[in-house]
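Step one of this worksheet: look at the structure below.
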Amino acid sequence: MNRNISDVISTTGKTVWNIAVAAALAMGGLGLTACADASSPGTPVPVTTTTTGKSETKTSPTATSSATKVDSLADADPCELLTDADKSALGVTETLGSEGSGTARICRLRLPDSNLTPGIRTNVGLDGVVVKGPITDVAIGSRQAKQMRTNTGGCFVFIGVTASSRVDVQASELRGDQDVACDLALRAAKLIEPNLPES
């Protein structure tokens, strides 16, 4: 029944040591687990964001070559008598802008070998055309019109809109070819006519 005191101390010491080792191992395991879950410093962590809801698709208007009618010549910009598609068909390379010229508002357009100038007059109709060369009656769409070859090599097409308003289409070819100028003026007038307000 009597145990040696040294044996008791030895046994107790081993027990305490075993408990301490077990506790240390347990704490170490927790530390390793925590380290395994943590992100390393400086390492980006990807974040996935999920967005719910109805997707929307916006469609930009598609440019067309259809004519846009002018409501009133009084408020019209002469540079808008021809659509972008019309200008492309005629070979226009540059729109220099609109300006006043006497009682008319004109737009200067440039082509590789020609100049084209559509203009708006709201104070005079076809009867007020000032003749500066051979002039003939022509039809542009359903409207009365006149074509005039100027004495300086240019060409005009005058389109009647109302009794007191008209559109003048002037063209000139850089080398002075009047046939080319008249063909350009006539083609431009035919493209402009559908865009004009009803008479």
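Summary of computed values
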quantity	calculated
Residue satisfying all of: in the range 156-187; closer than 23 Å to Asp77 by Cα and surrounded by fewer than 19 Cβ atoms within 10 Å (Cβ to Cβ); nearest to the chain's Cα centre (by Cα) among these	Arg187
Count - residues of the range 105-121 that are touching a residue at least 40 places away in the same chain (Cβ under 8 Å), in contact with a strand residue (DSSP E or B) (Cβ under 7 Å, 6 or more places away or on another chain) and surrounded by fewer than 19 Cβ atoms within 10 Å (Cβ to Cβ)	2
The range 173-185 residues that are within 10 Å of Asp113 (Cα to Cα), paired with ones that are assigned to a helix (DSSP H, G or I) and at pLDDT 95 or above (beta carbon under 6 Å, 6 or more apart)	Glu173/Val180; Glu173/Ala181
Residue ID - surrounded by the most Cβ atoms within 10 Å (Cβ to Cβ), chosen from residues in the range 81-104 that are free of Cβ contacts under 8 Å to residues at least 60 places away in the same chain, touching a strand residue (DSSP E or B) at 6+ places or on another chain (Cβ under 8 Å) and under 23 Å from Ser165 (Cα atoms)	Ser98
Search result, residues across the range 136-155 that are over 35 Å from the mean Cα position of the chain (by Cα) and among the hydrophobic types (A, V, I, L, M, F, W, C)	Val138, Ala139, Ala145, Met148
The range 145-155, residues that are under 17 Å from Ile192 (Cβ atoms) and either surrounded by fewer than 17 Cβ atoms within 10 Å (Cβ to Cβ) or in contact with a Ser or Thr (Cβ under 6 Å, 6 or more places away or on another chain) (or both)	Gln147
Hits in the range 150-180 (condition: part of a strand (DSSP E or B) and of a type in the set (D, E, K, R))	Arg166, Asp168, Glu173
Test: residue in the range 136-149 that is in the same structural domain as Thr103 (by TED's automatic domain parsing) and assigned to a helix (DSSP H, G or I)	no
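The values are calculated or read from the model by the stated rules, or taken from the named source; none is laboratory data. Everything numeric here is computed off the predicted structure, so don't read it as measured data. FYI the Cβ positions are ideal-geometry reconstructions off the backbone, even for glycines, and counts take in every protein chain you see.
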